[in-house]
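The values are calculated or read from the model by the stated rules, or taken from the named source; none is laboratory data. All of these numbers come straight from a predicted model, not from anything done at the bench. Quick reminder, even Gly has a Cβ in these numbers, built from the backbone with ideal geometry, and neighbours come from all protein chains shown. Heavy atoms of the whole protein, side chains included, go into the accessibility calculation; ligands, DNA and RNA do not. Shrake-Rupley method; radii C 1.70, N 1.55, O 1.52, S 1.80 Å.
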Amino acid sequence: MLIVIEGIDGSGKSTQAKILFDRLSKMSCKVALLAEPTNSIYGIKIREKLASGEYTAEELYELFVKDRELNAANIRRLLSRGYIVILDRYYISTIAYQGAQGIPIERILRDHKNFPQPDIVIILDIDPRKALSRLKKKKDTFEAQRFLEKVRAIYLEVPRILAHLNSLIKVVDADRNPIEVSEEIWEIVREKIHCRK
């Protein structure tokens, strides 16, 4: 099973992915926690470009696809061995972020049609102003807020964009205590988990 946790920066994705991983680790489940970008040469380049701010949307998109190709091989290997894979960001982030930067969503969908498809997608939804206030670097600028508003709008369109996955996509209110959010995620996930406690 592939469980993807998505959302804008500051929505609590990494926190919730770790809480779910820890919970499943205490059960008799084989579980792996992965994140994108990865630590591959492409993932490192992505982080460098994001930190410097010196990149084009096209450059960043191509790096994400290359990084994801490597990660997809790892995901397939883990799934074939019976693991539950929890993924902190996946191609849905590319739809939202690179879509907001001008990469056509139709192209993103076409380029990702052969990647492993998720069994559950959790989208953590939060107002960009509140999300920015949570970030350690506090990039709380009008420009950053406007961009995250575009990204959030695309995330909320994902159930329509990925109509074939519609029933697997759940939007969760992330503007709450992390424990409350984790309990809602657990209610979504637990019915589909088939391992003994």
Going by the conditions given, is residue 107 modelled with pLDDT of 95 or more and either open to solvent by 20 Å² or more (accessible area, probe 1.4 Å) or of a type in the set (Gly, Ala, Ser) (or both)?
-> yes
Filter region 116-128 down to residues that are more than 29 Å from residue 70 (Cα to Cα) and open to solvent by less than 10 Å² (accessible area, probe 1.4 Å) and give me whichever is modelled with the highest pLDDT.
-> 126
Of those in region 185-196 that are outside any helix (DSSP H, G or I) and free of Cβ contacts under 8 Å to residues at least 40 places away in the same chain, the residue farthest from the chain's Cα centre (by Cα) is 194
Note down all Cβ pairs under 7 Å where the first residue falls in region 165-184 and is part of a loop (DSSP other than H, G, I, E, B), the second is of a type in the set (S, T, N, Q), and they're at least six residues apart or on different chains.
-> 174/11
Given the conditions (1) more than 24 Å from residue 188 (Cβ to Cβ); (2) open to solvent by 50 Å² or more (accessible area, probe 1.4 Å), which single one is not true for residue 30?
-> (1)
Matching residues, region 167-183, being closer than 14 Å to residue 15 by Cα and either open to solvent by 60 Å² or more (accessible area, probe 1.4 Å) or among the small types (Gly, Ala, Ser) (or both) = 174, 175, 176, 177, 178, 179, 180, 182, 183
Looking only at region 56-95, and only at residues there that are touching an Asp or Glu at 6+ places or on another chain (Cβ under 9 Å) and among the aromatic types (Phe, Trp, Tyr), the one that is most open to solvent (accessible area, probe 1.4 Å) | 64
Residues located in region 150-166, provided they are open to solvent by 70 Å² or more (accessible area, probe 1.4 Å) and under 17 Å from residue 126 (Cα atoms) | 150, 156, 157
Tell me, yes or no, whether region 62-78 has at least one residue that is at pLDDT 95 or above, within 21 Å of residue 164 (Cα to Cα) and touching a strand residue (DSSP E or B) at 6+ places or on another chain (Cβ under 9 Å).
-> yes
Among all residue pairs at least 6 apart or on different chains, which show Cβ distances below 6 Å where the first residue, located in region 90-101, is free of Cβ contacts under 8 Å to residues at least 40 places away in the same chain and farther than 20 Å from residue 73 by Cα and the second is open to solvent by less than 10 Å² (accessible area, probe 1.4 Å) and part of a helix (DSSP H, G or I)?
-> none
Might you let me know whether region 129-141 holds any residue that is modelled with pLDDT of 95 or more and basic (Lys, Arg)?
-> no
Would you point out the residue of region 33-55, among those that are acidic (Asp, Glu) and open to solvent by 80 Å² or more (accessible area, probe 1.4 Å), that is farthest from residue 14 (Cα to Cα)?
-> 54
